[in-house]
2 protein chains.
Amino acid sequence: MAIPTIHRNSKPDDESAKAESKGNNREARIPHTLPTTPDPAAAKDLRMILDGQFGQIREEIRRMLDDEFFLPQVEGTLDENRDALIPLLERFRDGGYSWDSFSQANGGTGKADRSVIGLETLAHANLSAMVKGGVQWGLWGGAIDNLGTERHRRYIKPTMDLDLLGVYAMTELGHGSNVQALETTATYDPETQEFIINSPSPSAKKVYLGNAAKHGTIAAVFAQLYTPGVEESHGVHCLVVPIRDENHEPLPGVTIGDHGHKGGLLGVDNGTLMFDNVRIPRENLLNRFADVDEEGNYHSPIESQNRRFFTMLSTLIRGRIAVGGAANAATRTSLDIAVRYATRRRQFNSGGDTQEKRIIDHRSHRLRLLIPLAKSYALMLLHNEVTGRLYNQQRQINEEVLDLANPTEEQLIQSRELESWAAGLKVMATQHATKTIQECREACGGAGYMAENLLTVFKADSDVFTTFEGDNTVLIQMVAKEMLTAYGRDMADLSPIDMVRYGIDEVGDLLRRRSGLSRTVQSAIDVARKSNDNSIFDAGYQVELLEDRAQSILKSLASRMRNARKLEPTEAAKLVDEAQDHMIAAGWARMDSLALQHLVEAEAKLPADSPARPVLEQVRDLYALSTIVEHAGWYQEHNVLPSSRIRVARAAIRDLVDSLGPWAEVLVDAFDVPKAITTVPMLQDAGVDSPRYA
Amino acid sequence: MAIPTIHRNSKPDDESAKAESKGNNREARIPHTLPTTPDPAAAKDLRMILDGQFGQIREEIRRMLDDEFFLPQVEGTLDENRDALIPLLERFRDGGYSWDSFSQANGGTGKADRSVIGLETLAHANLSAMVKGGVQWGLWGGAIDNLGTERHRRYIKPTMDLDLLGVYAMTELGHGSNVQALETTATYDPETQEFIINSPSPSAKKVYLGNAAKHGTIAAVFAQLYTPGVEESHGVHCLVVPIRDENHEPLPGVTIGDHGHKGGLLGVDNGTLMFDNVRIPRENLLNRFADVDEEGNYHSPIESQNRRFFTMLSTLIRGRIAVGGAANAATRTSLDIAVRYATRRRQFNSGGDTQEKRIIDHRSHRLRLLIPLAKSYALMLLHNEVTGRLYNQQRQINEEVLDLANPTEEQLIQSRELESWAAGLKVMATQHATKTIQECREACGGAGYMAENLLTVFKADSDVFTTFEGDNTVLIQMVAKEMLTAYGRDMADLSPIDMVRYGIDEVGDLLRRRSGLSRTVQSAIDVARKSNDNSIFDAGYQVELLEDRAQSILKSLASRMRNARKLEPTEAAKLVDEAQDHMIAAGWARMDSLALQHLVEAEAKLPADSPARPVLEQVRDLYALSTIVEHAGWYQEHNVLPSSRIRVARAAIRDLVDSLGPWAEVLVDAFDVPKAITTVPMLQDAGVDSPRYA
């Protein structure tokens, strides 16, 4: 499996590094140690970089959220929790943000990016509100906006205004990830020109639906579409089905259930729907990508059933990006709280000190908080990029440059890459949230377990993020599949002569050539290659190391998959199953590299004299080296790095958290999480800044 | 840092293994693949091994728990949740289990092991009940039983009978882990022969106290003890302080607070206590290890204040063991639920199958569930061992062979080792619970997030286990400190001539000689050494690999610490802080090895013809190899294993989960978790065994 790479092991055993790491009380030194007195001005520049092109909208919403009004409930019954959310969404609507979810054609602003950033920022304070808003405007509203046509426009304004609360009814008891196998049916009856919506079996029950248990009156229902004379389903389509009458009672044939208590998100009224031959007008089919005429004939501008399905589903990516962004925001809030606690809580004195040490002065505490903090930087930057791309796509649709039903080959490639990045970002951000918020809770000890300090609330509420809007295990394999497709495409495109002409002898170079690396990142790599000293603190070399992992795994995966093509279906399926952890590893490696690349890009945008520059550099070092050390086994197994270099990287991580330790508050200041959220009770009571030692 | 060991790298690059792992669709083969049709009889033998010497008591309580009565509440107000626990504890009491917490001298059975196993087993069903029972009988009752004397005996019966609910008031707002720095004072007044209990500052507030917010009427309060004419505190002592009167109102001078909602354990009424010069009789000092006479003279059979403090605290280890055991039980319940869901839930079909695959038939699912399942086996066995040692200690106390105030040198060593194992087990079991229950939740997707399916309840309730009864970060360093002490002792004991005589040239051999390895494990190692083929499936070799990591880290740590001794206090403190992650790694490595050793021992106890034998063997392989691969970086960095061997180990893990996959239900059957708990709604609805494909 070893792949020859120009730079691999060019210093197979760096003797000086080895000597350094060998000493018991000496360590490999990082190039610079930051001043122990931080410069608060750095926070402003870091914030600018992190906010990127979305500074204004983020700033606007952060100011709105700086109000206890938005804090999550920690007490109260389920019913109280559910009703308490409505005023929050109204305040958000009054800020005008709901309109950003909708295309200009439907009277919205068409600013999909603002809508994503809006929900993301709301998640700093209240994940139930973010999810309920996401269901209402993003999923239910998004289905109408993206899958409907003029004739569904009348739903838009009341949806934006919260006068019509809607349900997005996709998942069924029997099928979550495998959406193509849904069981609910929509059968056309030409006699009455109606669709009959039916749940043919207990496992067809629609489940986990926000807005269903209490507030919703209408639903976008995904169902197998049947027309007269055609035995097979035309595939899964989406239809508008009213579920409650003017007295808020379930309509005839509609059975509504309540999921009751969940692991979190108590404010979101998740429920179930069953349909017993419910009739709706023909026009309720959201008919942008397929329609049934009065006689019952099926038409679609997209011929392949498979592509039609995935085109409809592609409108889901905004939700995925929003969930990733919200996971990031909740993580930043939690890190903000845990870091401030760590810089003020004291425990244990050392070596004759009368005053106890701040817990951040214990190295294990720096390691547990600063490594995820660095990753949160990378993820926020990557999220900006993906959201920007979503906006570009939306703009192309608004300007009618892009027709989703009929994209150009290049547009299709771009769309697939965006879908893949959105999926990967969602996986990475939500897994990071689950791990990091847990770590923050534990890092605040008993105080962290008290609900009033919010960490357990964010943990519980964000927990399902790894599952909904696409299960992480499934989504990360989508990233790998897109990599394989792109790899196959590029390999197919090139003749051996091309390969020689472009000097391409590596899958890595192929990926780079296509779309992988920006000019900034490429030039960092070029600098690293020219200097050839392979310093682990060199940005270009770090990117090479992370890309190397992605590309090696991809190449080996591609060769497995090539073998699969020759086999019988059953055998091939077995081989694919056996390659599953390989697929997952490939997807992760890709995302790790992308995140690093966006840190490198961000650095280049800082003014040369910014006090934030050396700080961001060390944040990038910390992210890069901790990722490499996390995969220390792989790097050695594949001869990419000798053991001496890994030891140096480990020592460097220790140095980096020591150097960044005093800057920890500056690093979270840059997130600018509203103080009304982060000023939790444990930061105001005598458990911190204890007067006994003041 | 490389340490020469006889067996290290004796096959520096196993060519055949390399060849095997190199192929893209071929993998290193495990020696045997289990039959794809499992033998249900294996579960019985596995259960016998897992239950060990505690089969009878576990069986007894499991039968009692097989009743919906014990299920955790998922709805209801805080108050309802709190009150609902009392009948559960009464049922437990009526089974006679509360009496196991108390020594024979105090009218109990003196069966500390039964008390630990009782609470552990209760945790299969209801962690709030386990914690509230632990506070009542283990902490409050344990303080009276272990720290009190005849004159406190009158509290015992009402405590056992739940007529007197007590609080264990140790932690303060300002001090949790650093107990020696508590601020609450107990000042003796010879005029009235009373102690005056006082909270001198806001940070002296007693916090997180179970039974305080609602049910408790009396507290065991830890305070700095002052006597007339002595300026300095005699250190932290424990005193009995009534907190509520007959009308259940706070007594004069006592201020009681309520923590309200927490991240979980809603049934436990955690609250706070502040004391404003509250007077209690002199006799309320728990005076087993120290007393104050009527005139105010302080006496103690233990001269060193430090040793006195740690002797008092040593009575805490029962609580730690119980928490570790409870974390294990909650994890087993969660794995039981997630495994049964995985074997019945279907999603995605493959290669032309009409029926969808069971999710356990996806390899990534096998990996995510079976690796933690194997570790749960190891942890249960280790827990049995530690609980057995606790019983032996308690028996020695009952038989007056051991006097805690005045132990022999050998008894002191034994006690310290028990404390260290208890601490390490608590860390390992609670971290495993936090990670695994989370994994189980995610592995059950949306259904896993519904509270009725209990996974989120177990996650939330067990979350604080990593914090209470000793923060994990602090406790794991205790393990390392005990290792260092033992190492120092052994090194000091031996002359160079001794070393030659015993053939000892290795810290590892030293540890082994002392107490590390049982005869069974030692003989497995001997067999491995003799055969010298270093198969990664060889139990003895696996133990050697895990011990090697523990010993190498310890040796390097010891050499760092030796350097620290020569430095100024401030410099030494810095060096100790810099070694902190090293300490943590040493503690973990030790526990990993201990857990494996107990798997090896368990195997030896199975009859040779037991159908469980090959299964348990592969469970042990899976635990050992996944632990090695988790530290793949370390093994290569320190030249213990070449990269080819790590690749073989990775391939073997994949083979092992494939082989064990069909046996997954047998593996959880062996836990014998009562069906009334594990038969959650998602295992009974149409989301599993979907009729569409039946």
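Of note:
- Interface area, B with A, accessible, probe 1.4 Å, both sides summed, Å² nearest 100: 7400 Å²
- Estimated FRET transfer efficiency when R0 is 56 angstrom, pair A:Thr36-B:Glu59 (beta carbons, to 0.05): 0.40
- 0 to 90° range, to nearest 10: angle between helix A:55-65 axis and chain A longest Cα axis: 80 degrees
- Long pairs among B:Lys435/B:Lys459; A:Lys435/A:Lys675; A:Lys675/B:Lys206; B:Lys132/B:Lys214; B:Lys375/B:Lys435; B:Lys435/B:Lys675, criterion Cα-Cα beyond 19 Å: A:Lys435/A:Lys675; A:Lys675/B:Lys206; B:Lys435/B:Lys675
- Once Rg and the Kirkwood radius are both taken over the C-alpha atoms of the stretch B:265-348, their ratio Rg/Rh works out to 1.28.
- Charge-dipole axis of the protein assembly as shown as Lys and Arg at +1 and Asp and Glu at -1 on Cβ define it, positive-most pick from A:Ser233, A:Ala579, A:Ala338: A:Ala579
- Placing +1 on the Cβ of every Lys and Arg and -1 on the Cβ of every Asp and Glu, with nothing else charged, gives the stretch B:43-147 a dipole about its Cα centre of roughly 340 debye.
- The mean sequence separation of alpha-carbon pairs under 8 Å and at least six residues apart, normalised by the residue count of chain A, gives a relative contact order of 20 percent.
- Counting only alpha carbon atoms, the long axis of helix A:363-398 and the longest principal axis of chain A meet at about 40°.
- Given charges at beta-carbon only (K, R positive; D, E negative), |dipole| of the stretch B:166-311 in Debye: 720 debye
- Accessible area of chain A divided out per residue, in Å², using a probe of 1.4 angstrom: 35 Å²
- Accessible heavy-atom area order of A:Tyr188, A:Tyr168, A:Tyr226, highest first, probe of 1.4 Å: A:Tyr226, A:Tyr168, A:Tyr188
- At 7 Å out from Cα toward Cβ: A:Lys530 inter-copy label distances (nm, ascending): 6.6
- Estimated [θ] at 222 nm from DSSP helical runs (n ≥ 4, -39500 (n - 2.57)) normalised by residues in the protein assembly as shown, nearest 500: -16500 deg cm²/dmol
- Nearest-ten-degree value, helix B:569-578 long axis tilted from longest Cα axis of chain B: 40 degrees
- Sites matching GluC sites (Glu not before Pro) across the stretch A:113-201 that sit in DSSP coil, with at most 14 neighbouring C-beta atoms within 10 Å: A:Glu191
- Charge sum, other residues only, whose C-beta stays under 9 Å from B:His259's C-beta, Lys/Arg counted +1 and Asp/Glu -1: -2
- For the protein assembly as shown, the residue among B:Thr171, A:Ser535, A:Thr109 whose Cα projects farthest onto the positive side of the dipole built from Cβ charges is A:Ser535.
- Ordered from longest to shortest, the equivalent ellipsoid semi-axes for chain B are 44, 34, 21 Å, each the square root of 5 times a Cα gyration tensor eigenvalue.
- With all protein chains in place and a 1.4 Å probe, the accessible surface of chain B carries 50 percent carbon and sulfur.
- Near B:Ala608: Cβ cut-off under 15 Å, other residues only, Lys/Arg at +1 and Asp/Glu at -1. The net charge is -2.
- Put simply, when B:524-537, A:538-551 are sorted by average Cβ atoms within 10 angstrom per residue, most first, you get A:538-551, B:524-537.
- Spacing of the two label points (7 Å from each Cα toward its C-beta) at B:Glu409 and B:Glu571, in nm: 3.3 nm
- Listed residues A:Ser559, A:Ser203 arranged by accessible area, highest first, probe 1.4 Å: A:Ser559, A:Ser203
- Here's the picture: charge each Lys and Arg Cβ at +1 and each Asp and Glu Cβ at -1 in the protein assembly as shown, and of A:Val401, A:Ala125, A:Ala550 the one pushed furthest to the positive end of that dipole is A:Ala550.
- Under the combined filter of DSSP loop state and at most 15 neighbouring Cβ atoms within 10 Å, the stretch A:29-75 retains these trypsin sites (Lys or Arg not before Pro): A:Arg29.
- Over the protein assembly as shown, the alpha carbon radius of gyration divided by the compact-protein estimate 2.2 N^0.38 Å works out to 0.92.
- Each copy carries B:Val230; placing its label point 7 Å along the C-beta direction from Cα gives inter-copy distances of 9.1 nm, listed from smallest up.
- In a simple Cβ point-charge model (Lys, Arg +1; Asp, Glu -1; nothing else charged), the stretch A:141-190 has a dipole of about 180 debye relative to its Cα centre.
- Pairs beyond 31 Å (Cα-Cα), from A:Lys111/A:Lys205; A:Lys357/B:Lys566; B:Lys157/B:Lys426; A:Lys157/A:Lys426; B:Lys481/B:Lys530: A:Lys111/A:Lys205; B:Lys481/B:Lys530
- Equivalent-ellipsoid semi-axes of the stretch A:166-311, from the Cα gyration tensor, Å, largest first: 26, 17, 13
The values are calculated or read from the model by the stated rules, or taken from the named source; none is laboratory data. Predicted model only: the values in this text are computed from it and were never measured. Quick reminder, even Gly has a Cβ in these numbers, built from the backbone with ideal geometry, and neighbours come from all protein chains shown. The protein model used for the area step is the full one, side chains on, heavy atoms only, and it has no ligands, DNA or RNA in it. Shrake-Rupley method; radii C 1.70, N 1.55, O 1.52, S 1.80 Å.
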